Amino acid sequence: QWRTAALKARNKPESPIDVYRAVPKGVKDINHGDWVTTSHNYAKWHGENVLDGNYDIVKKTVKAKELSTEGYPYEFGYHE
């Protein structure tokens, strides 16, 4: 999922990208500076393994230029 999203947005900074974040139950938003993923499956894995299954997955559509990476293919910094 992450590779497909990256290829779709290549050289298209305004391209819309769906991002996901596993958050503690009750959290509703993705905020500036949050780590996000383009893979719903990875967000689910993170929620199950890091948040001990007590989580929701939040989805947001952002512009490709609002994402940054340190080279790890599953996680991106979100900077609106």
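The values are calculated or read from the model by the stated rules, or taken from the named source; none is laboratory data. Please read all numbers here as calculations on a predicted model, not as lab measurements. Counting neighbours? That spans all protein chains shown, and the Cβs are built from the backbone with ideal geometry, glycine included. Areas reflect the complete protein model, heavy atoms only, side chains present, ligands, DNA and RNA absent. Shrake-Rupley method; radii C 1.70, N 1.55, O 1.52, S 1.80 Å.
What to note about this one:
- Filter result (open to solvent by 50 Å² or more (accessible area, probe 1.4 Å) and in contact with an Asp or Glu (Cβ under 9 Å, 6 or more places away or on another chain)) within the range 47-66: K59, K60, T61, K63, K65
- Test: residue in the range 12-27 that is open to solvent by 80 Å² or more (accessible area, probe 1.4 Å), among the basic types (K, R) and within 14 Å of the chain's Cα centre (by Cα): no
- Of the residues in the range 35-43, not one is surrounded by fewer than 12 Cβ atoms within 10 Å (Cβ to Cβ) and in contact with a strand residue (DSSP E or B) (Cβ under 8 Å, 6 or more places away or on another chain).
- Of everything listed in (1) free of Cβ contacts under 8 Å to residues at least 12 places away in the same chain; (2) open to solvent by 80 Å² or more (accessible area, probe 1.4 Å); (3) of a type outside the set (D, E, K, R), the single unmet condition for G71 is (2).
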